[in-house]
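The values are calculated or read from the model by the stated rules, or taken from the named source; none is laboratory data. None of the values given here were measured: they were computed from a predicted structure. Every residue, glycine as well, gets a Cβ built from its backbone with ideal geometry; the counts of neighbours run over all protein chains shown. The area values use the complete protein model at the heavy-atom level, side chains included, leaving out ligands, DNA and RNA. Shrake-Rupley method; radii C 1.70, N 1.55, O 1.52, S 1.80 Å.
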Amino acid sequence: MERIYLDHAAAMPIDPRVLEFAEGYLKDNFGNPSALYSVGLEAKRAIEEARKKVAELINAENAARIIFTGSATESNNLAIKGTALRNIGKGKKVAASAVEHMSVLNPMKELQKNGFEFNLVPVDATGIIDVENLNDILTKDTTVTSIMYANNEIGTIEPIKEISEIVHEKGLYLHVDATAAAGRIPIDVQTDGIDLLTLSSNDMYGPRGAGAVYIKQGVRLQSILPGGGQERGLRSGTENVFAIAGMGEAARIAKAEMAQESTRLSGIRDALISEILKIDKSYLTGHPTQRLPHHASFRFSRIEGESILLNMDTLYNIQVSTGSACSSKTLEPSHVLMAIGLKHEEAHGSMVITLGRLNTSEQIPHITKAVDETVQRLRKLSPL
Ligand code: PMP
């Protein structure tokens, strides 16, 4: 049975073009970018070229605004803790939306344990930030507000420009986790009004082991990883040149192919949504139109997401998700689904499809048949 992989939010294959571009930095061009001889200079040049390509993907003012890290998790930690700690003189409050990834919520909770006030901004039933509530929550003491560009579990795209206007009216900093959105939809940090932005290499077909933070000119951060002073002293440690060079090339390809690829994938997404919603008592989660082009998320009453996942995998060789890869280790319902107002039993029946470059429209009938048969089979067995 041909494998149909539909969980690109959890992991993606590296693009073969990216691998070909970057593998030389694991082999011949292995030098340390801080070394002054030729092999070192070559590695340094590769990093600066990657910085430029990443800056271009998000229309940063210039390449120097990009700091490379090891992952999106690390970027979120640096942006949030680094900014909050450096600006402690201005206030000890931070805020984030209730649907943020754990790599945003947990650094905020850590700050809370250390004496900061942490405010959670609610969302509506489609996952869109309650903008009025945000306005009420923010005060002059709120140094960092973190709102994601788009949600990885329900695909909802947030009105970032509107949010940034509210944050900036109060003279505060906005951090945006763009891990799920980057390379999928256009991001322009200048017109969107973003002060800090998180990016991940492995969420855009780059190698694992690289992330980046965009830091607008004038935003001051404290390092959370002191050491040899690489990346302008904000992220010490010998650079992972292979992953960084690969991330740059992945960003370049994503920018060049985004318009065409998102049109192609949104066609498959819409066909899947309309077919799967024909199943009795099936519902779309997230926003019906303001959603990522590759993202389709559902819930089915009276069955468990874990059983859907295992049935789809073992009987059809189709890999789907049942929420975030992180929270699926616990049996707790996803905090995202709880934040959009679902009851525990409703949140347990979720299934998330995230499409990628290898998916085609020919796969649609096979996927919808597999989902339909799985749901019917599990409902027959369900004690609920
Ligand atoms: N933010 C979002 C929105 C994510 O979906 C993820 C997971 N891909 C992360 C942050 C963390 O990424 P990583 O585990 O690669 O650090």
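Scanning segment 113-129 for residues that are closer than 18 Å to TYR173 by Cα and either open to solvent by 50 Å² or more (accessible area, probe 1.4 Å) or more than 20 Å from the chain's Cα centre (by Cα) (or both) yields a count of 5. Selection of segment 1-17 for residues being of a type outside the set (Asp, Glu) and within 16 Å of the ligand (Cβ to nearest atom) yields TYR5, LEU6, HIS8, ALA9, ALA10, ALA11, MET12, PRO13, ILE14. For segment 1-11, what are the residues that are among the hydrophobic types (A, V, I, L, M, F, W, C) and either open to solvent by 40 Å² or more (accessible area, probe 1.4 Å) or part of a loop (DSSP other than H, G, I, E, B) (or both)? Selection gives MET1, LEU6, ALA9, ALA10, ALA11. With respect to LEU337, is the statement that it is open to solvent by 50 Å² or more (accessible area, probe 1.4 Å) and not in a loop (DSSP other than H, G, I, E, B) true? Answer is no for this residue. Among the residues making up segment 234-255, those that are buried (at least 22 other Cβ atoms within 10 Å of the Cβ) and assigned to a loop (DSSP other than H, G, I, E, B) are ARG235, GLU239.
Among the residues in segment 181-190, are any in contact (Cβ under 8 Å) with a residue 12 or more places away in the chain, more than 24 Å from ALA296 (Cα to Cα) and either open to solvent by 10 Å² or more (accessible area, probe 1.4 Å) or assigned to a loop (DSSP other than H, G, I, E, B) (or both)?
Yes, segment 181-190 contains at least one residue that is in contact (Cβ under 8 Å) with a residue 12 or more places away in the chain, more than 24 Å from ALA296 (Cα to Cα) and either open to solvent by 10 Å² or more (accessible area, probe 1.4 Å) or assigned to a loop (DSSP other than H, G, I, E, B) (or both).
Residues of segment 191-204 that are more than 13 Å from the ligand (Cβ to nearest atom) and open to solvent by 10 Å² or more (accessible area, probe 1.4 Å): THR191, ASP192, GLY193. For THR156, indicate whether it is touching a helix residue (DSSP H, G or I) at 6+ places or on another chain (Cβ under 8 Å) and modelled with pLDDT of 95 or more. So THR156 fails the test. Among the residues that make up segment 321-333, is at least one of them open to solvent by 40 Å² or more (accessible area, probe 1.4 Å) and modelled with pLDDT of 95 or more? No; the residues of segment 321-333 include none that is open to solvent by 40 Å² or more (accessible area, probe 1.4 Å) and modelled with pLDDT of 95 or more. Do the conditions hold for VAL176, that is, is it within 16 Å of the ligand (Cβ to nearest atom), buried (at least 23 other Cβ atoms within 10 Å of the Cβ), outside any loop (DSSP other than H, G, I, E, B) and free of Cβ contacts under 8 Å to residues at least 60 places away in the same chain? Answer is yes for this residue.
Away from the ligand (no atom under 16 Å from the Cβ), out of contact with any Gly (no Cβ under 9 Å at 6 or more places or on another chain), closer than 19 Å to THR83 by Cβ and open to solvent by less than 40 Å² (accessible area, probe 1.4 Å): is that true of ILE147 in this structure? So ILE147 fails the test. Note on segment 96-112: among residues that are open to solvent by 10 Å² or more (accessible area, probe 1.4 Å) and outside any helix (DSSP H, G or I), the one that is farthest from ALA50 (Cα to Cα) is ALA98. Condition first: open to solvent by less than 40 Å² (accessible area, probe 1.4 Å), under 25 Å from ALA256 (Cβ atoms) and either touching a residue at least 24 places away in the same chain (Cβ under 8 Å) or not β-branched (Val, Ile, Thr) (or both). Can you find one or more residues in segment 73-95 that meet it? Yes: one or more hits.
Checking each residue of segment 44-59 against the condition of being within 16 Å of the ligand (Cβ to nearest atom), under 20 Å from the mean Cα position of the chain (by Cα), within 24 Å of ARG252 (Cα to Cα) and not assigned by TED's automatic domain parsing to the domain that holds HIS335 gives at least one match.
GLU132 fulfils the conditions (1) surrounded by 24 or more Cβ atoms within 10 Å (Cβ to Cβ); (2) of a type in the set (Asp, Glu); (3) at pLDDT below 95 except for a single criterion, (1).
Of everything listed in (1) of a type in the set (Gly, Ala, Ser); (2) in the same structural domain as SER200 (by TED's automatic domain parsing); (3) in contact (Cβ under 8 Å) with a residue 12 or more places away in the chain; (4) in a loop (DSSP other than H, G, I, E, B), the single unmet condition for GLY227 is (3). Candidates in segment 224-233 are the residues that are farther than 21 Å from ALA55 by Cβ and not β-branched (Val, Ile, Thr); of these, the one that is most open to solvent (accessible area, probe 1.4 Å) is PRO226.
Inspection of segment 256-275 identifies no residue that is polar (S, T, N, Q), open to solvent by less than 10 Å² (accessible area, probe 1.4 Å) and either within 23 Å of MET148 (Cβ to Cβ) or not assigned by TED's automatic domain parsing to the domain that holds LYS27 (or both). Name the residue that is modelled with the highest pLDDT, counting only residues in segment 12-53 that are open to solvent by less than 30 Å² (accessible area, probe 1.4 Å) and in a loop (DSSP other than H, G, I, E, B). Among those that are open to solvent by less than 30 Å² (accessible area, probe 1.4 Å) and in a loop (DSSP other than H, G, I, E, B), it is ASP15.
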